[in-house]
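The values are calculated or read from the model by the stated rules, or taken from the named source; none is laboratory data. Computed from a predicted structure; not experimentally measured. Virtual Cβ from ideal backbone geometry, glycine too; neighbours counted across all protein chains shown.
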C-alpha cells in the first residue's frame, strides 16, 4: 500500500479492475446500495440519536399532538421500518413534519424528522387510525 494515493487520510483509493483507474472504497460501496430503498433519503433532521424506545415515545408525545403506534416492518415510502418493537410515530400537520423512529444497525435507535405534505399526512392518518 506504500505510495498509493489516499483519500482524506482514511480511505485508500482502489484501482478499477481492467482499467487501472482509481476510485474510492466509498464510491464502490455506495454505488451498490439501492437508493430508492434507503431510509437516509427521507429524513431531514435528527431529534434523538442512539436512544431508547421510552425516550423516543416520550419525545413524540411531548412534541406532537397527534401520534400513532407503528410496528416493526411497517412500510414507509417503500422502506420497512426497523424498530425494536411497537413505537410511536408523530404527526406535526401544522409544520408538515413527521417524527419517525428508526433503528440503524451501526447507530442504534434514533428519532428522525421527515418532511411531509398534506396528502401524505392524510393518507397516514387513515391507514394508522384503522390499524
Check whether at least one residue in segment 122-130 is closer than 12 Å to residue 47 by Cα and in the same structural domain as residue 61 (by TED's automatic domain parsing), and report yes or no.
no
Of the residues in segment 104-114, those that are at negative phi and surrounded by fewer than 16 Cβ atoms within 10 Å (Cβ to Cβ) come to 104, 105, 106, 107
Go through (1) surrounded by 13 or more Cβ atoms within 10 Å (Cβ to Cβ); (2) without any contact (Cβ under 8 Å) to a residue 40 or more places away in the chain one by one and return the number of the condition residue 75 breaks.
(1)
